[in-house]
Amino acid sequence: MSAPRLVDLEEDDLDWMAASELTLFGRSAWSGTLIRDDWRYGGSRYRAVRLVGELVAYAVYGFEGEAFHLMNLAVLPEHRRHGLARLLMDDFLEQANELGAADAWLEVAVDNEAALALYRAYGFEDVRVRRKYYQPEGTDALVMRLALRPEGESAAD
Ligand SMILES: CC(C)(COP(=O)(O)OP(=O)(O)OC[C@H]1O[C@@H](n2cnc3c(N)ncnc32)[C@H](O)[C@@H]1OP(=O)(O)O)[C@@H](O)C(=O)NCCC(=O)NCCS
């Protein structure tokens, strides 16, 4: 069994990501245009997991203003519960630490039990609810934060 490998998503992979988004998130999916524009100009990190040559999971993260943010994370259904989200979360947090972020942020649908369990396992804590954040369904999002450094300590300390 070959080991999963973390890779950067290349421009040629963006159609795969857009198709995956549509299958996984339906009407809330990131569109191909949004993905392509953000990949080119947004300054976000587009990461993925390759398993036996196939892309099977992806994540997008980067700074939104001052805050280091997990903007997207998904594992294809047939590859879930094998630790692939953990690989991407470890990569996300490693990157946050390397860049000196004080904390890491994300939003998750309040009814997404798998993702909530994953983020809580990493120590993310509830900050607030954003009403009707996910459109067009109007599902609420929970904003979660993980402190990466003790309060008041700067990256240079
Ligand atoms: C949430 C998601 C990314 C998890 O991916 P995964 O590769 O299956 O997760 P992992 O195997 O790395 O699991 C890590 C931990 O997360 C938690 N977890 C993951 N799936 C879970 C589930 N269905 N139920 C309960 N806990 C779950 C567990 O704590 C798990 O650790 P364990 O396997 O040792 O118990 C995946 O279910 C997914 O892609 N869902 C659809 C897209 C999505 O909701 N993305 C998040 C948007 S905010």
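The values are calculated or read from the model by the stated rules, or taken from the named source; none is laboratory data. Keep in mind that what you see is a predicted model, and the values were worked out from it rather than measured. Glycine gets a Cβ as well: all are built from the backbone with ideal geometry, and neighbour counts include every protein chain shown.
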Fill in the blank from the handout: Of the residues in the stretch 114-127, those that are free of Cβ contacts under 8 Å to residues at least 24 places away in the same chain and more than 6 Å from the ligand (Cβ to nearest atom) come to Arg120, Gly123, Phe124, Glu125, Asp126, Val127
Practice task
Determine whether the stretch 58-77 contains at least one residue that is farther than 25 Å from Ser20 by Cα and without any contact (Cβ under 8 Å) to a residue 12 or more places away in the chain.
Solution key: yes
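Residue-wise test of (1) surrounded by fewer than 13 Cβ atoms within 10 Å (Cβ to Cβ); (2) at pLDDT below 95; (3) in contact with a strand residue (DSSP E or B) (Cβ under 6 Å, 6 or more places away or on another chain).
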site: Arg45; (1), (2), (3): no, no, yes
site: Tyr58; (1), (2), (3): no, no, yes
site: Phe63; (1), (2), (3): no, yes, no
site: His82; (1), (2), (3): no, no, no
site: Gln95; (1), (2), (3): no, no, no
site: Ala117; (1), (2), (3): yes, no, no
site: Ala141; (1), (2), (3): no, no, yes
site: Met144; (1), (2), (3): no, no, yes
site: Ala155; (1), (2), (3): yes, yes, no
Problem - Residue under evaluation Glu10, criteria (1) over 14 Å from the mean Cα position of the chain (by Cα); (2) surrounded by 13 or more Cβ atoms within 10 Å (Cβ to Cβ); (3) modelled with pLDDT of 95 or more, criterion not met - result: (2)
Practice task
Return the total of residues in the stretch 13-27 being polar (S, T, N, Q) and either surrounded by 15 or more Cβ atoms within 10 Å (Cβ to Cβ) or not in a helix (DSSP H, G or I) (or both).
Solution key: 1
Exercise for the section: Pull up the stretch 93-106, narrow it to residues that are free of Cβ contacts under 8 Å to residues at least 40 places away in the same chain and more than 7 Å from the ligand (Cβ to nearest atom), then point me to the one that is farthest from Glu66 (Cα to Cα). Expected result: Glu94
Fill in the blank from the handout: Of the residues in the stretch 27-49, those that are within 16 Å of the chain's Cα centre (by Cα) and touching a residue at least 40 places away in the same chain (Cβ under 8 Å) come to Ser28, Trp30, Arg45, Arg47, Ala48, Val49
Exercise for the section: Considering only the stretch 97-115, state which residues are surrounded by 15 or more Cβ atoms within 10 Å (Cβ to Cβ) and closer than 26 Å to Arg50 by Cα. Expected result: Ala104, Trp105, Leu106, Glu107, Val108, Asn112, Ala115
